[in-house]
Amino acid sequence: MDNLTPLPQLLDRLASALTRVLFGFRQGVANKVAHLQPYSVVLMALWGRVGRAQARIARFLTRLQAGTLPPVRVRTEAEKLRRKGREVPDARALAHDLGWVREQALMELNLARGATEALLAEPQVQRLLAAEPRFAKMMRGLCRLLDLDVSVPGYKPPKRKSVPGAALVQVSSLGFREYVDGRVEPPPGLVFAR
């Protein structure tokens with residue numbers, strides 16, 4: 001990382017910006033959905049996951065700036081096979097699936113996405129991602145968590161699943177949509193109070 005040693009202000013700014021964005025995301029989502037009973041368990045999983053990512057990124061950037069990172073460990077093929085055999089299937093799908101956040105706290109999610117995309121698009125940060133594979137791995141996890149479409153080495157944005165919808169029968173004069181399966185949806189933007 002010799003080419004990054006003259007850029008401590010970049011690492012300071014990046015650490016504080018990512019910490020601020022992730023903390024704001026955690027706090028915003030918690031404030032928005034904490035009173036909704038069905039989301040309380042999932043919120044705790046998301047809260048912990050984002051908090052661990054926030055601490056890990058700040059710790060890594062501090063160690064990178066101080067020059068105390070251990071060298072990259074290269075695994076042998078036998079270690080890779082052993083590790084692959086121990087991998088646990090993704091049982092934490094609720095913490096990964098942000099459909100409920102999109103439904104309840106879309107503004108907070110979009111704020112975190114926009115700020116993170118702007119940070120990761122900077123040329124200096126792109127150079128850091130290319131030079132330090134461990135940091136790129138952390139950012140891939142963050143991009144997966146926030147469902148971002150950005151260029152991080154090794155990150156493939158999730159494929160969008162097309163959901164076949166029911167056939168639309170008619171749209172009323174007020175904008176309500178009636179479907180073949182009997183469902184009626186309000187016009188976009190109309191929200192009923194609970």
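The values are calculated or read from the model by the stated rules, or taken from the named source; none is laboratory data. What you see is a predicted model; the values in this text were computed from it and never measured. Neighbour counts are summed over all protein chains in view; Cβ atoms, including those assigned to glycine, are modelled from backbone coordinates with ideal geometry.
Just name the residue that is surrounded by the fewest Cβ atoms within 10 Å (Cβ to Cβ) out of those in the stretch 146-183 that are at pLDDT 75 or above and in contact with a Lys or Arg (Cβ under 7 Å, 6 or more places away or on another chain).
Within the stretch 146-183, the match that is surrounded by the fewest Cβ atoms within 10 Å (Cβ to Cβ) is 148.
How many of the residues making up the stretch 40-86 are more than 30 Å from residue 22 (Cα to Cα) and not charged (D, E, K, R)?
5
Let me spell it out: the conditions are (1) exposed (fewer than 13 other Cβ atoms within 10 Å of the Cβ); (2) at pLDDT 85 or above; (3) β-branched (Val, Ile, Thr), and residue 57 meets all of them except one. Which number is the exception?
(1)
Please find, among 64, 46, 36, the residue that is at pLDDT below 85, surrounded by 11 or more Cβ atoms within 10 Å (Cβ to Cβ) and over 21 Å from residue 112 (Cα atoms).
Sole residue among the options that is at pLDDT below 85, surrounded by 11 or more Cβ atoms within 10 Å (Cβ to Cβ) and over 21 Å from residue 112 (Cα atoms): 36.
Counting just the residues of the stretch 75-87 that are exposed (fewer than 10 other Cβ atoms within 10 Å of the Cβ) and modelled with pLDDT of 80 or more, which one comes out farthest from residue 133 (Cα to Cα)?
So the residue we want is 78.
Do you know which residues across the stretch 114-133 are part of a helix (DSSP H, G or I) and buried (at least 19 other Cβ atoms within 10 Å of the Cβ)?
116, 120, 125, 128, 129, listed by residue number.
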